[in-house]
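The values are calculated or read from the model by the stated rules, or taken from the named source; none is laboratory data. Keep in mind the model is a prediction, meaning the values are calculated, not measured. Methodologically, a virtual Cβ is constructed for each residue, glycine included, from the backbone with ideal geometry; neighbour enumeration extends over all protein chains shown. Only protein heavy atoms, including side chains, enter the accessible area calculation; ligands, DNA and RNA are left aside. Shrake-Rupley method; radii C 1.70, N 1.55, O 1.52, S 1.80 Å.
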Amino acid sequence: TIFAVLLSLYYDRMELAVLATIGGFITPFLVRGEQDNYIALFTYLCILNSGLMVLAWFKRWPSINVIALFFTTIIFGSWLIQTLWIGPTAVFPFKNAMLFSSLFYLQFVTMNIVNNIRQKKTFNAFDFLIVLSVNFLFYLAGMFILPYWNNGDYKGVFTALLGLFNL
């Protein structure tokens, strides 16, 4: 994936970046073993999304950001649904869930604004829609995760901090 992203930068071809991004997101499922190790999976996703943040620094290819957001949301969201409702475990790892959702949030906010800031371009409606979607998905994940942390006492703090961050 790293090699394909470097090739896409060298040849200035978004098609190579799209293939590298999709390949990077399906790789964990192609090499998956019998054990479910969400920490390894989410760490891998953080590394992959960090690479895509570097790509976003150099190129304004919104389709890459949308593909990454789509796959990360599907993977993290399905794990969250599986863990909370379909196959609840004795102890829900709410701290790790909040950590990874926060990391993904910061990565996608950065990924979607970094190129516009670097090139001093104005944000268009699509940029705002993506950043709004990222905020909505993070807020939704937080509202599902935080009831497990001190019986939901931090929901208000979470909402206020997210509002301040966006301000």
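Filter the stretch 39-90 for residues that are over 17 Å from Val18 (Cα atoms) and modelled with pLDDT under 90 and give the result.
Hits for the stretch 39-90 are Gln82, Thr83, Leu84, Trp85, Ile86, Gly87, Pro88, Thr89, Ala90.
Under 7 Å between Cβ atoms, at least 6 apart or on separate chains: pull out the pairs that start in the stretch 1-25 with a residue that is on the phi < 0 side of the Ramachandran plot and end on any residue that is assigned to a loop (DSSP other than H, G, I, E, B) and hydrophobic (A, V, I, L, M, F, W, C).
Met14/Trp61; Ala17/Trp61
Have a look at Ala125, Ala97 and point out the one that is under 16 Å from the mean Cα position of the chain (by Cα) and under 27 Å from Gly51 (Cα atoms).
Details: Ala125 fails: under 16 Å from the mean Cα position of the chain (by Cα).
Of Ala125, Ala97, the one residue that is under 16 Å from the mean Cα position of the chain (by Cα) and under 27 Å from Gly51 (Cα atoms) is Ala97.
Which helices (runs of 4 or more DSSP H) does the stretch 24-123 wholly contain that include 1 or more residues that are open to solvent by 50 Å² or more (accessible area, probe 1.4 Å) and within 20 Å of Tyr139 (Cβ to Cβ)? Can you show your working first?
Details: elements: 38-58, 62-81, 94-118.
Fully inside the stretch 24-123 and qualifying: 62-81, 94-118.
Write out, first by first residue and then by second, each pair whose Cβ atoms fall under 8 Å of each other, whose residues are 6+ apart or on separate chains, and whose first residue, in the stretch 41-64, is closer than 24 Å to Ser78 by Cα while the second is among the hydroxyl-bearing types (Ser, Thr, Tyr).
Leu45/Thr72; Leu48/Thr1; Asn49/Thr72; Gly51/Thr1; Leu52/Thr21; Met53/Thr110; Ile64/Thr21
Is it the case that Lys120 is at positive phi and either at pLDDT below 85 or not aliphatic (A, V, I, L, M) (or both)? Spell out how you get there, then give the answer.
On the way: at positive phi: yes; either at pLDDT below 85 or not aliphatic (A, V, I, L, M) (or both): yes.
Yes; evaluated as a whole, the condition is true for this residue.
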